[in-house]
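Okay, so here's the structure we're looking at.
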Amino acid sequence: MNLSKTYTVDEAQKRLEQYCAYQERCHKEVTQKLYDMKMIPEARDQIIVHLLQHNFLNEERFAKAFVRGKFRIKKWGKQRLQLELKRKDINNTLITIALKEIDDVDYYETFNSLAERKFETIKASNTQKKRKKLADYLLYRGWESHLVYDKIRELIP
């Protein structure tokens with residue numbers, strides 16, 4: 001996309017409709033896109049209101065889709081999901097609602113299989129190094145520390 005081009009409000013609106021229709025977006029991404037398109041603040045506000053009214057932009061729907069996708073594909077834990085949503089300026093109420101999209105049974109099954117799979121691949125001979133590598137891996141992905149340390153005690157006595 002050529003960002004030095006100038007857009008009329010209608011052109012920008014059409015582009016943003018396509019942008020939002022392609023995949024769920026949050027307000028921050030849309031605002032950034034409009035800013036990159038060099039739209040003036042009044043036009044940005046007008047376009048965002050249009051996208052909200054026509055349901056192209058829905059923060060709750062975005063948060064839910066984000067949580068489902070990152071959990072299922074990247075196997076992120078709730079801590080990481082929460083952090084990433086906060087980085088996208090999603091409010092805490094919506095984050096709480098979105099995290100309910102993850103079934104508890106799926107959550108623990110995913111955590112256990114992820115931990116066990118990673119444990120199998122760790123080559124370190126030193127027990128302490130094994131523990132650290134597994135902990136770092138799981139904590140980076142946003143799994144709760146109590147889960148991580150309980151699992152490490154289970155796998156590496």
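Derivation of every value follows stated rules applied to the coordinates shown; laboratory data play no part. Every value quoted in this text rests on a predicted model; they were computed, and no experiment measured them. A quick note on method: Cβ atoms are made from the backbone with ideal geometry, for glycine too, and the neighbour counts reach across all protein chains shown.
Among L52, L34, which is the only one that is crowded, with 18+ Cβ neighbours inside 10 Å and outside any loop (DSSP other than H, G, I, E, B)?
After ruling out the rest, the residue left standing is L34.
Contact list please: Cβ distance under 8 Å, first residue in the stretch 38-59 and touching a residue at least 24 places away in the same chain (Cβ under 8 Å), second residue loosely packed, with under 13 Cβ neighbours inside 10 Å and in a helix (DSSP H, G or I), pairs at least six apart or on different chains.
Correct list of pairs: F56/A21.
Sort out which residues of the stretch 1-31 are among the hydrophobic types (A, V, I, L, M, F, W, C) and not in a helix (DSSP H, G or I), and write them in order of number.
Listed by number, the residues that qualify are M1, L3, C26.
Being surrounded by 14 or more Cβ atoms within 10 Å (Cβ to Cβ) and farther than 19 Å from V148 by Cα is the filter here; which residues of the stretch 71-96 pass it?
Hits for the stretch 71-96 are E84, L85, K88, I90, L94, I95.
Could you grab me the full set of residues in the stretch 77-98 that are part of a helix (DSSP H, G or I) and of a type in the set (D, E, K, R)?
K78, R80, E84, K86, R87
Within the group E109, E101, E120, which residue is more than 11 Å from the chain's Cα centre (by Cα) and not in a helix (DSSP H, G or I)?
Of E109, E101, E120, the one residue that is more than 11 Å from the chain's Cα centre (by Cα) and not in a helix (DSSP H, G or I) is E101.
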